[in-house]
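The values are calculated or read from the model by the stated rules, or taken from the named source; none is laboratory data. Not measured: the values here are computed from a predicted model. Ideal geometry is used to build each Cβ from the backbone, glycine not excepted, and the neighbour counts take in all protein chains shown. These area figures cover heavy atoms from the full protein model, side chains too; ligands, DNA and RNA do not enter into them. Shrake-Rupley method; radii C 1.70, N 1.55, O 1.52, S 1.80 Å.
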Amino acid sequence: FLVCVYVMFSKVGQIRLGQDDDRPEFSNFAWFSMLFSAGIGIGILFFGVAEPIFYLDNSGAFGYPNNPHADMAGATAIGHERAVDALRVTFFHWGFHGWAVYVIVGMSLAYFAYRKKLPLALRSALYPFIGDRIYGPIGHAVDLFGVLGCVFGVATSLGLGVSQMSVGLERLIGVDPGTQTQLILIALITVVSIVSALSGVGRGIKIISEWNIVVSILVVAFFLFGGPTAWLIGIFAESLG
């Protein structure tokens, strides 16, 4: 996080992630939409709800206190103080420092790919250290671990999302949330993802990402203005502070 702050406010932050005459291809809204949708996607929609509720719970259903931070602070009863601590722990998982890790990797990829014209791969970030050896076994190993990390991450998000959607369909229209429904959902999501990727960043991915953010904003607005608005704003500010 501190490295990111340094990069933002130092001379290094003035370096364009591209050639000197390059300009952004998309608007800020499109960029942020793709960052949030492709970066965390289903995870934020699932854990954005599940984590605060889990840390608010005080039943110890899993054999340990769900939120030892709140328990040690004396907020053992379900109420305002425990809700603040529940959000506080959630922010530790989804807050600025988590994004800082993504930023460092993203900047490294962008700098070496678009500024130095190296392959758009993790191996390129090692060029200042090992030079042309990035094209050898070390580079292959780095890229392999990078691909595996992405695959496992996407598989986890997809699995959680499909489970969530199948249960949602059961509650809404009575569809069986079993394996067959989940496999159909996985197939549909895979087809949409492939079509989106093949259509390019400027069309499929951008359009789907923007719609995703618009719908997410509408959902958040519904809960914000349909629920205890003043309390929700207050607890968010208090927890973040």
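Helix 137-173: angle to the longest alpha-carbon principal axis of the chain, degrees 0 to 90, nearest 10?
Approximately 30 degrees, to the nearest ten.
Near residue 11, which lysines are there with a Cα under 21 Å away, not counting those fewer than 8 places off in the same chain?
Candidates past the 8-residue exclusion: 116.
Could you give the length gained by full extension between residue 114 and residue 176, i.e. 0.36 nm per residue of separation minus their alpha carbon distance, to one decimal place?
Going from the current span to full extension adds 17.5 nm.
Once the Cα atoms of helix 229-240 and of the chain are each reduced to a long axis, what angle between those two axes, in degrees from 0 to 90 to the nearest 10, is obtained?
The two axes meet at around 50 degrees.
Against the longest principal axis of the chain, how steep is helix 28-39, in degrees 0 to 90 to the nearest 10, with axes from Cα atoms?
For 28-39 against the chain, the angle is about 70 degrees.
If you wrap segment 1-72's Cα atoms in a convex hull and average its projection over all directions, what's the area in nm²?
With the hull built on Cα positions only, its mean projection is 8.1 nm².
Heavy atoms of the protein only, probe of 1.4 Å, neighbouring chains included. What is the accessible area of residue 165 in Å², nearest 10?
Looks like 80 Å² after rounding.
When 1/r is averaged over all different Cα pairs and the result inverted, which Kirkwood radius in Å belongs to segment 158-241?
15.6
Ranked from the most accessible area to the least, with a 1.4 Å probe and all protein chains present, what is the order of 143, 176?
176, 143
How big is D for the chain, in µm² s⁻¹ as a whole number, if Stokes-Einstein is applied with the Kirkwood radius of its Cα pairs at 20 °C and 1.002 mPa s?
101
Express in Å², to the nearest 10, the accessible area of residue 101 obtained by rolling a 1.4 Å probe over the protein heavy atoms while all chains stay in place.
90
Heavy atoms only, probe 1.4 angstrom, no DNA, RNA or ligands counted: give me 210, 170 ranked by accessible area, highest first.
170, 210
State which stretch of the chain is the longest one without any exposed trypsin sites (Lys or Arg not before Pro), exposure meaning a DSSP loop state and at most 10 other Cβ atoms within 10 Å.
118-241
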